[in-house]
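Inspection log for the structure reproduced underneath, given as structure tokens.
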Amino acid sequence: MALDEIKITRAIIERFTAKLCDSLNLDVAIVGAGPSGMMAAVKLAQKGRKVAIFERKLSIGGGMWGGGMMFNEIVVQEEGVRLLNELGIAVKNAGDGYYTADAVECTTTLASSVCKAGGRFFNCVTVEDVMVRDKKVTGLVINWSAVDIAGLHVDPLVIGSRFCIDSTGHATELINVIQRKSGATIMTDTGKIKGERSMWAEVAENTTLNNTKEVFPNVYVAGMAANATFGSFRMGPIFGGMLLSGEKVAEIIDERLKG
Ligand code: 48F
């Protein structure tokens, strides 16, 4: 078969454009393709929700690829093993209620599960702002990460979404931009983002789940962003809380979409 570069180019442009156009009105827009965002996307897509993840980097996976300090294994406690089993990820018992899994297998399987369930990834895309109507977030303002990195003066585009999830990890970027630009009250006891505290895995893992909630109308926090919003601790390379947080936010939003 003779290969025609123009046909290759046309196929990519047409397919990508169709995918993007079909994602202009989402049920759920997820910011950040780390473990919590990807787990939320898998669960929502499996429930038939129209969901897309916007990820700044070329690679998806956030902090999961690197395990702990680039030793690419992760630890999951008893409560999180169910989710790895559901996805068919190999888990090894490390004793005393600790389990390990290959960080690369976890990341790639999560990503593959998102796609197979019908969720979409838009990588190399930075979410720089939100759209607010009647004091509720109604969508994301996006641009190519390359535009941001190069400091080019190029206006963004917009994605409409019924709900948004901030799963941007330690940076809590979506909630930060909402707080900064709208001067709005964030749903914490101080009305502001409280900021992340130093390492304490045991407490942090539990609070991650408790802190997974709506913090601004139509915007939820999941994963490390949940703890950073509510002033809880970081936890390092133990990932049960991240996965369970993704599952929880998906369940809450799915219920609201039914209403
Ligand atoms: O940090 P990250 O992996 O988020 P997470 O799901 O998991 C945290 C763990 O990896 C680890 C931990 C373990 O227990 O504490 O740190 O909470 O992934 C966040 C992703 O969001 C992307 C970022 O590149 C990363 O891949 N991201 C951050 N800000 C933006 C963004 C933005 N404004 N637009 C698009 N993507």
Open item on the list: Using Cα-Cα distances under 8 Å and only pairs 6 or more residues apart, what relative contact order does region 106-259 have, in percent?
Closed with: 19
Task: Where trypsin sites (Lys or Arg not before Pro) fall in DSSP loop in region 152-259, at most 14 other Cβ within 10 Å - done: 192
Task: Accessible area per residue, Å², the chain with all protein chains present, probe 1.4 Å - done: 50
- [ ] Beyond 26 Å between alpha-carbons counts as too far, so tell me which of 43/136; 43/258; 136/248; 50/181 fall in that bin.
- [x] 50/181
Task: GluC sites (Glu not before Pro) restricted to DSSP loop in region 63-125 with at most 14 other C-beta within 10 Å - done: none
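For region 106-159, take N as its residue count and report Rg(C-alpha) divided by 2.2 N^0.38 Å.
1.43
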Task: Net dipole in debye of the chain [+1 Lys, Arg Cβ; -1 Asp, Glu Cβ; about Cα centre; nearest 20] - done: 700
Task: Selection from 190, 70, 239 lying farthest towards where the dipole of region 24-258 points positive, charges on Cβ - done: 190
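On full extension of the chain, what length is gained from residue 115 through residue 8, given 0.36 nm per residue of separation minus the C-alpha to C-alpha distance?
Result for the pair: 36.3 nm of gain on full extension.
For the chain, what is the convex hull (Cα atoms) projected area averaged across all directions, in square nanometres?
With every direction weighted equally, the projected area is 15.9 nm².
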Task: Most positive-pole-ward Cα, 104, 146, 59, against dipole of region 24-258 from beta carbon charges - done: 146
Open item on the list: Quick check: at a probe of 1.4 Å, how many percent of the accessible area of region 24-258 sits on carbon and sulfur atoms?
Closed with: 53
Task: CD proxy at 222 nm, helix term only [per DSSP H run n ≥ 4: -39500 (n - 2.57); per residue of the chain; nearest 500] - done: -12500 deg cm²/dmol
TODO: Whole Å is fine, so just give me how far the alpha carbon centre of region 107-155 lies from that of region 193-257.
DONE: 20
Task: Tensor-based shape of region 1-117 (alpha-carbon gyration tensor, a/c under 1.5 rounded, otherwise prolate or oblate) - done: prolate
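The values are calculated or read from the model by the stated rules, or taken from the named source; none is laboratory data. Just so it is clear, the model here is predicted, and its values are computed rather than measured. Neighbour counts run over all protein chains shown; Cβ positions are idealised from the backbone, glycine included. Heads up: the accessible areas ignore ligands, DNA and RNA and are worked out on the full protein's heavy atoms, side chains in. Shrake-Rupley method; radii C 1.70, N 1.55, O 1.52, S 1.80 Å.
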